[in-house]
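Below: one structure, written as structure tokens.
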Amino acid sequence: MAKMIASPNSLATGVGALPHTNPVEACDDVLAVFPEFPYIPTLPDRGQLESIVFNDSEQLPGRVIREDRLLFDSTRDQTAAMESVYMDYVEGNYAAYGLHREYASAFIEMMSRRLPAVQVLKCQVTGPVTFGMQVVDANKRPIYYDTQLADVLSKMIALKARWCEEEMKKKTGVSGTLIVLNEPYLASLGSSVVPVDRESVRTGWEDIAALVEGGLGVHCCSNTDWEFVLGLNPSVVSLDAYATAREFLLYTEAIISYMERGGVVAWGIVPADYRIFTTETVDSLYERYLAIRSQLTARMPEDLFDAQSLITPSCGIRFADRNGSRAIMGAAAEISRRIRTENRDLP
């Protein structure tokens with residue numbers, strides 16, 4: 001079970017990618033907008049190796065990059081490499097699973113900052129479902145459908161997540177860390193077209209939660225079986241509340257129970273697609289957020305909802321330049337400020 005983080009009390013933070021190509025500027029912008037609960041962005045516009053899945057693939061046994069695709073070489077015996085991951089997991093040897101600059105330039109840059117006043121520092125790692133569904137073997141079959149490979153994958157990601165949280169604490173001086181698994185492929189739960197087995201998801205989650213010592217959350221920007229996801233007891237559930245709040249709120253009882261247990265919902269109320277963002281205002285987004293809040297607080301205490309909520313963009317920021325991304329992040333921060341100003345009991 002993941003460790004619950006301290007109540008964020010409706011602070012704001014970010015999610016995933018920024019359009020920046022300069023990691024110094026990216027970290028500067030994040031720390032300026034989200035000083036209390038910053039996140040470490042990914043910078044896919046710098047190159048393929050910093051894009052989702054690729055950025056966490058360096059230690060994958062049998063990894064091959066061919067024609068801009070990430071593949072698993074099943075034509076060769078990968079047993080020894082896979083066994084090495086198993087042993088490292090059992091012994092907690094995470095030192096070899098770190099991130100390097102060509103894969104995670106903003107992470108490396110953030111590690112040069114001293115952040116002792118930060119409440120929680122958040123970073124994102126590709127989740128095993130999304131990773132395993134995006135990487136295929138020689139028969140073009142997703143490796144997630146191979147039980148042994150899926151098991152190795154979750155353990156490799158657990159080791160990487162553990163390295164990340166230890167590095168964040170050691171280099172920046174933060175006391176609280178949050179690793180969020182980026183899992184858009186959880187939308188396949190219950191799908192007959194691209195099926196994902198719930199027990200495989202649960203097992204992989206438990207592998208990672210057993211090794212990570214700080215907070216462990218999950219981000220899914222599509223609709224999914226939210227009752228199942230909430231039942232995993234992640235520290236944070238991050239969603240695209242701008243587009244999928246209606247579907248999420250169908251699980252009201254499960255959401256309330258989750259928040260009562262100390263779980264945090266990161267409400268992605270600000271559209272991360274800049275083209276959509278420009279059709280809204282902070283006022284309209286704030287009203288949209290208040291409608292969600294009103295629906296839930298009709299059945300739960302307002303102070304509990306506010307304590308266990310984060311305000312975020314809906315996903316990684318796309319189709320924007322640096323100024324556009326700062327406007328999106330700034331809208332999330334402004335909504336947070338309004339909520340916290342109107343509820344002066346929040347610390």
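The values are calculated or read from the model by the stated rules, or taken from the named source; none is laboratory data. If you're wondering where the values come from, they're calculated on a predicted model, not measured in any experiment. Virtual Cβ from ideal backbone geometry, glycine too; neighbours counted across all protein chains shown. For accessibility, only protein heavy atoms count, side chains too; no ligands or nucleic acids. Shrake-Rupley method; radii C 1.70, N 1.55, O 1.52, S 1.80 Å.
Restricting to the range 102-124, and then to whatever is within 18 Å of the chain's Cα centre (by Cα), of a type outside the set (A, V, I, L, M) and part of a helix (DSSP H, G or I), can you tell me which residue is nearest to GLU165 (Cα to Cα)?
Restricting to residues being within 18 Å of the chain's Cα centre (by Cα), of a type outside the set (A, V, I, L, M) and part of a helix (DSSP H, G or I), the top hit is PHE107.
Just checking, how many residues over the range 20-38 are within 12 Å of ALA106 (Cβ to Cβ) and in contact with a Lys or Arg (Cβ under 9 Å, 6 or more places away or on another chain)? Spell out how you get there, then give the answer.
In the first step, residues of the range 20-38 are kept if they are within 12 Å of ALA106 (Cβ to Cβ); the result is 20-31, 38.
With the extra rule that they be in contact with a Lys or Arg (Cβ under 9 Å, 6 or more places away or on another chain), the set shrinks to 20-23, 25-27, 29, 31, 38.
Qualifying residue count, the range 20-38: 10.
What are the residues in the range 60-70 that are at negative phi and surrounded by fewer than 18 Cβ atoms within 10 Å (Cβ to Cβ), if any?
Those that are at negative phi and surrounded by fewer than 18 Cβ atoms within 10 Å (Cβ to Cβ): ARG63, VAL64, ILE65, ARG66, ARG69.
Please find, within the range 328-339, the residue that is farthest from VAL33 (Cα to Cα) out of those that are open to solvent by 40 Å² or more (accessible area, probe 1.4 Å) and touching a helix residue (DSSP H, G or I) at 6+ places or on another chain (Cβ under 8 Å). Break it down into steps so the answer makes sense when it comes.
So the first thing to find is which residues in the range 328-339 are open to solvent by 40 Å² or more (accessible area, probe 1.4 Å), and the list is 334, 337-338.
Restricting the remaining residues to those that are touching a helix residue (DSSP H, G or I) at 6+ places or on another chain (Cβ under 8 Å) gives 334, 338.
Numbers: GLU334: 10, ARG338: 15 Å.
The selected residue is ARG338.
Report the residue count in the range 83-98 for those that are of a type in the set (A, V, I, L, M) and open to solvent by less than 20 Å² (accessible area, probe 1.4 Å).
Filtering the range 83-98 for residues of a type in the set (A, V, I, L, M) gives 85, 87, 90, 95-96.
With open to solvent by less than 20 Å² (accessible area, probe 1.4 Å) added as a condition, the list becomes 85.
Total meeting the criteria: 1.
Here's the yes/no breakdown for (1) over 22 Å from GLY14 (Cβ atoms); (2) touching a Pro at 6+ places or on another chain (Cβ under 9 Å):
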{"residue": "CYS221", "(1), (2)": "no, yes"}
{"residue": "LEU239", "(1), (2)": "no, no"}
{"residue": "SER257", "(1), (2)": "yes, no"}
{"residue": "GLY262", "(1), (2)": "yes, no"}
{"residue": "ALA266", "(1), (2)": "no, yes"}
{"residue": "ILE276", "(1), (2)": "no, no"}
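Could you check the range 147-198 and list, in sequence order, the residues that are outside any helix (DSSP H, G or I) and over 21 Å from VAL15 (Cα atoms)? Break it down into steps so the answer makes sense when it comes.
Going residue by residue through the range 147-198, those that are outside any helix (DSSP H, G or I) are 173-183, 189-197.
Once the filter is applied, which keeps residues that are outside any helix (DSSP H, G or I) and over 21 Å from VAL15 (Cα atoms), the range 147-198 yields GLY173, LEU189, GLY190, SER191, SER192, VAL193, VAL194, PRO195, VAL196, ASP197.
So is ILE52 without any contact (Cβ under 8 Å) to a residue 60 or more places away in the chain and not small (Gly, Ala, Ser) or not? Full working, then the answer.
Values: without any contact (Cβ under 8 Å) to a residue 60 or more places away in the chain: no; not small (Gly, Ala, Ser): yes.
Criteria not met by ILE52.
Could you please let me know if LEU60 is in a loop (DSSP other than H, G, I, E, B), under 27 Å from PRO195 (Cβ atoms) and not basic (Lys, Arg)?
Values: in a loop (DSSP other than H, G, I, E, B): yes; under 27 Å from PRO195 (Cβ atoms): yes; not basic (Lys, Arg): yes.
It is true that LEU60 is in a loop (DSSP other than H, G, I, E, B), under 27 Å from PRO195 (Cβ atoms) and not basic (Lys, Arg).
Within the range 7-53, track down each residue that is more than 27 Å from ILE143 (Cα to Cα) and either β-branched (Val, Ile, Thr) or modelled with pLDDT under 95 (or both).
Passing the criteria: THR13, THR21, VAL24, VAL30, VAL33, ILE40.
Which residues, counting only those in the range 5-46, are touching a residue at least 40 places away in the same chain (Cβ under 8 Å), surrounded by fewer than 19 Cβ atoms within 10 Å (Cβ to Cβ) and of a type in the set (Val, Ile, Thr)?
Across the range 5-46, the qualifying residue is only VAL24.
Consider ALA95 carefully, then state whether it is within 20 Å of ALA158 (Cα to Cα) and at pLDDT 95 or above.
Details: within 20 Å of ALA158 (Cα to Cα): yes; at pLDDT 95 or above: yes.
Yes, satisfied.
Of the conditions (1) more than 28 Å from CYS123 (Cβ to Cβ); (2) crowded, with 18+ Cβ neighbours inside 10 Å, SER294 satisfies every one except a single condition; which number is it?
With respect to (1) more than 28 Å from CYS123 (Cβ to Cβ); (2) crowded, with 18+ Cβ neighbours inside 10 Å, SER294 is out only on (2).
Whether any residue in the range 298-321 is buried (at least 16 other Cβ atoms within 10 Å of the Cβ) and over 24 Å from LEU31 (Cα atoms) is what I want to check.
Initially, the range 298-321 is screened for residues buried (at least 16 other Cβ atoms within 10 Å of the Cβ), giving 300, 305-318, 320.
Within this subset, residues satisfying the condition of being over 24 Å from LEU31 (Cα atoms) are 300, 305.
Checked the range 298-321: at least one residue is buried (at least 16 other Cβ atoms within 10 Å of the Cβ) and over 24 Å from LEU31 (Cα atoms).
Only residues that are open to solvent by 10 Å² or more (accessible area, probe 1.4 Å) and either under 24 Å from TYR274 (Cα atoms) or of a type in the set (Phe, Trp, Tyr) (or both): list them for the range 225-244, please. Give the steps one after another, and end with the answer.
Going residue by residue through the range 225-244, those that are open to solvent by 10 Å² or more (accessible area, probe 1.4 Å) are 225, 227-228, 231-233, 240, 242-244.
Matches in the range 225-244: PHE228, ASP240, TYR242, ALA243, THR244.
Restricting to the range 38-57, give me the number of residues that are assigned to a loop (DSSP other than H, G, I, E, B) and over 20 Å from PRO128 (Cα atoms). Give the derivation first.
Here is the first cut: in the range 38-57, the ones assigned to a loop (DSSP other than H, G, I, E, B) are 38, 41, 43, 47, 51-53, 57.
Those still in the list that are over 20 Å from PRO128 (Cα atoms) too: 38, 43, 47.
Of the residues in the range 38-57, 3 are assigned to a loop (DSSP other than H, G, I, E, B) and over 20 Å from PRO128 (Cα atoms).
Quick check on my filter: what residues within the range 91-126 are touching a strand residue (DSSP E or B) at 6+ places or on another chain (Cβ under 7 Å) and of a type in the set (Val, Ile, Thr)?
If the condition is that a residue be touching a strand residue (DSSP E or B) at 6+ places or on another chain (Cβ under 7 Å) and of a type in the set (Val, Ile, Thr), then VAL120, VAL125, THR126 are the ones that fit.
Return a yes/no flag: does the range 208-219 have any residue that is part of a helix (DSSP H, G or I), open to solvent by 20 Å² or more (accessible area, probe 1.4 Å), in contact with an Asp or Glu (Cβ under 7 Å, 6 or more places away or on another chain) and in contact (Cβ under 8 Å) with a residue 60 or more places away in the chain.
There is no residue in the range 208-219 that is part of a helix (DSSP H, G or I), open to solvent by 20 Å² or more (accessible area, probe 1.4 Å), in contact with an Asp or Glu (Cβ under 7 Å, 6 or more places away or on another chain) and in contact (Cβ under 8 Å) with a residue 60 or more places away in the chain.
Mind checking which residues of the range 125-140 are part of a loop (DSSP other than H, G, I, E, B), open to solvent by 50 Å² or more (accessible area, probe 1.4 Å) and of a type outside the set (A, V, I, L, M, F, W, C)?
Taking the range 125-140 as the starting set, the residues that turn out to be part of a loop (DSSP other than H, G, I, E, B) are 127, 135, 137-140.
If we keep only those that are open to solvent by 50 Å² or more (accessible area, probe 1.4 Å) as well, we get 138-140.
Passing the criteria: ASN139, LYS140.
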